[in-house]
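The values are calculated or read from the model by the stated rules, or taken from the named source; none is laboratory data. Please read these numbers as outputs of a predicted model, since none were measured by experiment. Here the Cβ is made from the backbone with ideal geometry for all residues, glycine too, and neighbour counts use every protein chain on show. Please note that ligands, DNA and RNA were not included when accessible areas were found on the heavy atoms of the full protein model with its side chains. Shrake-Rupley method; radii C 1.70, N 1.55, O 1.52, S 1.80 Å.
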Amino acid sequence: MTQIDTLIGDPSLTSQREAPPAPKGRWLSAYFGTPGNALITILCLGTIFALAKLAIGWLFIDATFVGTPAECKATIGACWPFLSAKMRYIFFGFYPFEEQWRPLTAMLLFLGACIVSMVPRVWGRGLLIAWIAVVLPVLYVLMAGGYFGLTVVPTTQWGGLPLSFMLSFIGLACALPLGIALALARASSLPAIRILGVSFIEIVRGVPLISILFMATVMLPLFMPNGITIDKLIRAQVAIILFAAAYIAEIVRGGLQAVPKGQVEAGHSLGLHYWQIMRKIVLPQALKKVIPPLVSLFIGFFQDTTLVTIVGLLDFLDTVRTAMRDPEWQGIAVLEGYVFAAVVYFVFSALMGAYSRFLERYFRTTHD
Amino acid sequence: MPLFYDARIRAYLYQVIAVGLVLLVAWVMFSTASANLAKQDIATGFGFLARQAGFVITETAITYEPTDTIGRAILVGIANTVKVSLLAAILGTIFGLLVGIGRLSHNPVLSRLMLAYVEALRNVPLLLYLLLWYSLIISTFPPVKQAIQMLPGVFLSNSGLVMPALHWESGFAALVTAILVGIVAATFVARMLGRQRVVSGKDRPVALIATVAFLLPLVAALLLANISVTWDVPELGRFRLSGGYHLRPEFVALLLGLTLSVSANVAEIVRAGIQAVSKGQWEAATALGLSRARTLKLVILPQALRIIIPPLTNTYLTVFKNSSLAIAIGYPDLVMVSNTIMNQTGQAIESIAIFMGVYLGLSILISLVMNWYNAKVALRER
């Protein structure tokens, strides 16, 4: 509930025409001012109460906290022993059991690096270099092994939350430059390049993500020369990158359109050529304008990576599902896993959403 | 001066290189694919569409038998996709409009409840919700053998809701025509009376006259056409229910998931649209003595609609594409039917090309309309 409270407390979310603060001593009028208002309040409170009763009953009162599957089956509430028994599988999939400290370290390192990178003050070339030269190689070595005496773990054994993070983060990091290039192609004055850009963007945006995932997993092997096979994980990753790039391109296009033409003309009059104008004048202004919608897009893609389940990759949602289908727990833990997964996705998405609103405020208060 | 420094020539050069690269990649992929297919003895082309499908589709919006062609099966998939996305879009819009207005309510309890609803839906992946609804339906309702009889002929079980279906012996077409004529007549009459009121100031009972205009053709059809109907009442056998109209859990779960996700998006779009209408409009309407509800309906919503429509179209596009998640819970939409065909015939490239083509065709159509609209309303620069 604290999550919701912080979201409500955010001024950008609440209406600008919210009722003026009620005079002191008459705070009740906002809730019970008119008969209609009182009715709405009572109905809403009733709904909240009924839902809370249902939820608390299932989550806590009727729930089993310790015990065996058989004990769980006897009660009607939630079965929490399922989660604790399956926790390591849910988080890490088929990653070798005794090596699971590696994905755990990788995940913590990744989250820490993300939190540091979220502070606008540290943004700059140094941060980018740190990610490319330090963070990503360390993450890769931790996951894949092969160096410093770490055993090699093939990508087929990767799974769970680290896989979800990797697919969404690497996907978006690679899609961003590609999307910017596509946006520039779409805005280009050269007709052939513009047509290529528009075709790519519209084709990718016109089809569902799972069709692109299908293409990457089923069709792509047919297009590969004999003897060359590409790892399934990489194929899905490429599909996500291409898909995200088309959407990023449209957002960046909005930013490009919002930069006044005079900026380009000024650049021309200074004798700069196209790439200099774009890199030094137009893109910095355009990208700054579209950071909030980009963050919103990132949230959407973090959720969309769940679709790799459909082509048989063991992401977080898939490890949860397979854990629930374990013969030992089947038919007992029907909802617990989904509820847990929903909470995990909710927390990460809501945090990113709050961050997006923070950025919106930040850029509104700075003067450049 | 070398030719490369001429801006025009350089522009041509870039374009030739870009197009050449794309063609080269396409050609390499095409030739390796045809070589691979020839080696694996997979026939190419769309001839397989005329072959007999041979598989069962559990839910069909148009008539289909396993003896029909594969082409027909794909049509069934398209019809199922359109059916579920259309229904979800309509229901989600109605529901989302209410939630969006509730979000703006002066009542803090209501607006916060609606905020919690929107946040809960937008921050959890749609696929997770689909699986959740599906397993909820499957696990909470009893198996078919112990189906609950809610009303005579209405059975609820974990294979869905079965209820009596109407069978039209004759007169169906006449009835549909009468309803359509009635709608057109009622709209026309209401418009005409509205215009008259503006001109002459006469206040007539518009709603009553419009209702009469709607009912007249219906009464005519009932009197003139020979309408006969029989009920197809489901019966509970030893292992399964036979007859009746079957509302399957896959369809319900998909429709529920899509509708809720549409409603959350529509709610946010509506809220943003309403908030974008300037405050003075509210004040002016209040000064005229309009109530809050009437202000919303007569003054604010018509103006907000201009801002609402483009993102709304996007939401409809998204629900149309998201209906492809049906494959995760087994509702036979276009993607799932194509997937079945792919597994049976081995013709992956053609199957994927067909369903991507269908999605693309419909999406591009909507996208073109959107871009035209966007260009029309966009601010003109020098």
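Numerical summary
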quantity	calculated
Selection within region A:303-314 - more than 8 Å from chain B (Cβ to nearest Cβ) and at pLDDT below 90	A:311, A:312, A:313, A:314
Of all residues in region B:44-55 being of a type outside the set (D, E, K, R) and open to solvent by 70 Å² or more (accessible area, probe 1.4 Å), the one that is farthest from the chain's Cα centre (by Cα)	B:44
Residue check for residue B:180: within 25 Å of the chain's Cα centre (by Cα), in a helix (DSSP H, G or I) and within 14 Å of chain A (Cβ to nearest Cβ)	no
Residue within region B:25-38 that is open to solvent by 80 Å² or more (accessible area, probe 1.4 Å) and under 33 Å from the mean Cα position of the chain (by Cα) present	no
Residue match in region B:42-54 (condition: under 18 Å from residue B:332 (Cα atoms) and assigned to a loop (DSSP other than H, G, I, E, B))	yes
Selected residue [touching a residue at least 24 places away in the same chain (Cβ under 8 Å), surrounded by fewer than 23 Cβ atoms within 10 Å (Cβ to Cβ) and within 15 Å of residue A:206 (Cα to Cα)] from B:305, B:362	B:362
Count of residues meeting criterion [at the interface with another protein chain (Cβ under 9 Å from one of its Cβ atoms) and open to solvent by 20 Å² or more (accessible area, probe 1.4 Å)] in region A:196-211	4
Matching option when the condition is within 12 Å of chain B (Cβ to nearest Cβ), at pLDDT below 80, on the phi < 0 side of the Ramachandran plot and part of a loop (DSSP other than H, G, I, E, B), among A:19, A:30	A:19
Some residue of region A:231-244 being part of a loop (DSSP other than H, G, I, E, B), open to solvent by 40 Å² or more (accessible area, probe 1.4 Å) and farther than 30 Å from residue B:37 by Cα	no
Per-region count, region B:313-366, residues of a type outside the set (A, V, I, L, M, F, W, C), over 28 Å from residue B:128 (Cβ atoms) and in a helix (DSSP H, G or I)	5
Some residue of region A:213-224 being buried (at least 16 other Cβ atoms within 10 Å of the Cβ) and over 30 Å from residue B:38 (Cα atoms)	no
Number of the exception - residue B:17 against (1) more than 30 Å from residue A:190 (Cα to Cα); (2) within 13 Å of chain A (Cβ to nearest Cβ)	(1)
Residue B:88 more than 12 Å from chain A (Cβ to nearest Cβ) and in a helix (DSSP H, G or I)	yes
Residue check, residue B:58 in contact (Cβ under 8 Å) with a residue 60 or more places away in the chain, more than 13 Å from chain A (Cβ to nearest Cβ) and surrounded by fewer than 17 Cβ atoms within 10 Å (Cβ to Cβ)	yes
Pair list, Cβ < 9 Å and 6+ apart or interchain, from region B:107-135 residues that are under 20 Å from residue A:354 (Cβ atoms) and more than 7 Å from chain A (Cβ to nearest Cβ) to residues that are assigned to a loop (DSSP other than H, G, I, E, B) and open to solvent by 10 Å² or more (accessible area, probe 1.4 Å)	B:111/A:14; B:111/A:15; B:111/A:18; B:111/B:104; B:111/B:105; B:114/B:104; B:114/B:105
Total residues in region B:308-328, condition more than 30 Å from residue B:278 (Cα to Cα) and open to solvent by less than 40 Å² (accessible area, probe 1.4 Å)	9
Top-ranked residue in region A:76-105 [being hydroxyl-bearing (Ser, Thr, Tyr) and surrounded by 14 or more Cβ atoms within 10 Å (Cβ to Cβ); ranked as nearest to residue A:319 (Cα to Cα)]	A:89
Check on residue B:256, open to solvent by 30 Å² or more (accessible area, probe 1.4 Å), among the aliphatic types (A, V, I, L, M) and closer than 30 Å to residue B:117 by Cα	yes
Some residue of region B:329-338 being at the interface with another protein chain (Cβ under 7 Å from one of its Cβ atoms) and open to solvent by 10 Å² or more (accessible area, probe 1.4 Å)	no
Residue count, region A:179-195 (criterion: more than 9 Å from chain B (Cβ to nearest Cβ), surrounded by 17 or more Cβ atoms within 10 Å (Cβ to Cβ) and of a type in the set (A, V, I, L, M))	5
One residue from B:124, B:154 being crowded, with 16+ Cβ neighbours inside 10 Å, among the hydrophobic types (A, V, I, L, M, F, W, C) and under 24 Å from the mean Cα position of the chain (by Cα)	B:124
Selection within region B:341-351 - surrounded by fewer than 21 Cβ atoms within 10 Å (Cβ to Cβ) and either away from chain A (no Cβ under 13 Å) or among the β-branched types (Val, Ile, Thr) (or both)	B:344, B:345, B:349
Spans of helices (runs of 4 or more DSSP H) in region A:261-368 with at least 3 residues small (Gly, Ala, Ser), in contact (Cβ under 8 Å) with a residue 12 or more places away in the chain and crowded, with 20+ Cβ neighbours inside 10 Å	A:336-365
Criterion: under 18 Å from the mean Cα position of the chain (by Cα) and part of a helix (DSSP H, G or I) - qualifying residue of A:199, A:168	A:168
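Residue by residue, here is whether (1) out of contact with any Phe, Trp or Tyr (no Cβ under 9 Å at 6 or more places or on another chain); (2) surrounded by 15 or more Cβ atoms within 10 Å (Cβ to Cβ); (3) of a type in the set (A, V, I, L, M) holds:
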position	(1), (2), (3)
B:221	yes, yes, yes
B:225	yes, yes, yes
B:230	no, no, no
B:234	no, yes, no
B:246	yes, yes, no
B:280	yes, no, no
B:285	yes, yes, yes
